[in-house]
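To start, the structure under review is shown below, and the notes come after it.
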Amino acid sequence: MITLTDVTRTYPGGVTALDGVHLRMSRGELLGIVGPSGSGKSTMLHILGTLDKPTSGTVRIGGHDVGALSDAELSALRARRIGFVFQQFHLASGTSALDNVADGLLYTGRARAERRRRAEAVLHRVGLGHRLDHEPHELSGGERQRVAIARAVAGEPSLLLADEPTGALDTAAGAGVLRLLRDLHATGTTVVIITHDRELAAGLPRQVRMRDGRIVEDSANPAYVTDRAEEHR
Ligand code: ADP
Ligand code: MG
């Protein structure tokens, strides 16, 4: 479904955020990305989500070479296939949970009533059927993240990318959000979760560990480290 081949990302000023990353993901995987702060996790997530392009190397998503797509084609790919969840929720304040989710469907061209019907169904699915009219400031952190997840999946993306989704939550709320992400994975969505939480990561079927812009361990590809070490010798 996704292949990164020798992907490098350098920022102006000379920071190498990604340094020769190879990664292959299949449809339906649940992948955890771990690593210290500054190791390139968010940069990799942005590239997986086509929010950013590599400086060199290639990215293929569902048969498309991302580097060959126009900006309009990229936005369309993103809108139809990819959902994002961030640590700080990024909900619109002064807007109900229902409208936060419904507004995420604006690009689909569906009528407003239908967007709201769909949003309501998804909010029920994430356990917030009783919070439709609540604004973000009237919700707990865990509930806000559930709204953000509902918004991310309302358009039924095949790929869900989550950057530290439990990072701002207490243990109980974090566990609830993780359960929800697992449920989504169980119904067929490919899910990538960046996390600082070792325990959380250890429970995921596949883990990739990053350091200094490189993948230093991939549980689905134990030979990876050896191969790369050989290459750099
Ligand atoms: P992580 O998510 O693992 O903490 P990031 O991918 O955010 O790591 O960052 C990797 C490296 O790239 C860090 O050294 C960071 O300071 C640098 N970096 C990230 N974004 C930018 C940017 N927009 N401009 C310059 N440097 C950046
Ligand atoms: Mg980060």
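Values for this structure:
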{"read-out": "Exclusive hit being open to solvent by less than 40 Å² (accessible area, probe 1.4 Å), under 30 Å from D133 (Cβ atoms) and in a strand (DSSP E or B), set V85, V21", "value": "V85"}
{"read-out": "The range 135-176 - residue that is out of contact with any strand residue (DSSP E or B) (no Cβ under 9 Å at 6 or more places or on another chain) and of a type in the set (S, T, N, Q) and, of those, least open to solvent (accessible area, probe 1.4 Å)", "value": "S140"}
{"read-out": "Every residue from the range 2-59 that is on the phi > 0 side of the Ramachandran plot and either touching a residue at least 12 places away in the same chain (Cβ under 8 Å) or more than 16 Å from ligand 2 (Cβ to nearest atom) (or both)", "value": "D6, G13, G14, G20, G28, G35, G40, T50, G57"}
{"read-out": "Residue satisfying condition, being open to solvent by 40 Å² or more (accessible area, probe 1.4 Å) and within 16 Å of ligand 1 (Cβ to nearest atom), within set S26, S37", "value": "S37"}
{"read-out": "The lone exception for R228 - which of (1) at pLDDT below 85; (2) open to solvent by 50 Å² or more (accessible area, probe 1.4 Å) it fails", "value": "(2)"}
{"read-out": "Residue tally, condition in contact (Cβ under 8 Å) with a residue 12 or more places away in the chain and either closer than 19 Å to R81 by Cβ or within 16 Å of ligand 2 (Cβ to nearest atom) (or both), over the range 121-168", "value": "21"}
{"read-out": "Long-range neighbours under 7 Å by Cβ, at least six apart or interchain, first residue within 19 Å of I149 (Cα to Cα) within the range 102-120, second at pLDDT below 90 and among the aliphatic types (A, V, I, L, M)", "value": "Y107/A79"}
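Rundown of residues vs (1) assigned to a loop (DSSP other than H, G, I, E, B); (2) modelled with pLDDT of 95 or more, yes/no style:
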site	(1), (2)
M44	no, yes
I47	no, yes
G67	no, no
H90	yes, yes
T95	yes, yes
L98	no, yes
Y107	no, no
A113	no, yes
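The values are calculated or read from the model by the stated rules, or taken from the named source; none is laboratory data. This structure is a prediction, so every number in the text was calculated from the model and none was measured. Every residue, glycine as well, gets a Cβ built from its backbone with ideal geometry; the counts of neighbours run over all protein chains shown. We work out accessible area using only protein heavy atoms, side chains counted, and drop any ligands, DNA or RNA first. Shrake-Rupley method; radii C 1.70, N 1.55, O 1.52, S 1.80 Å.
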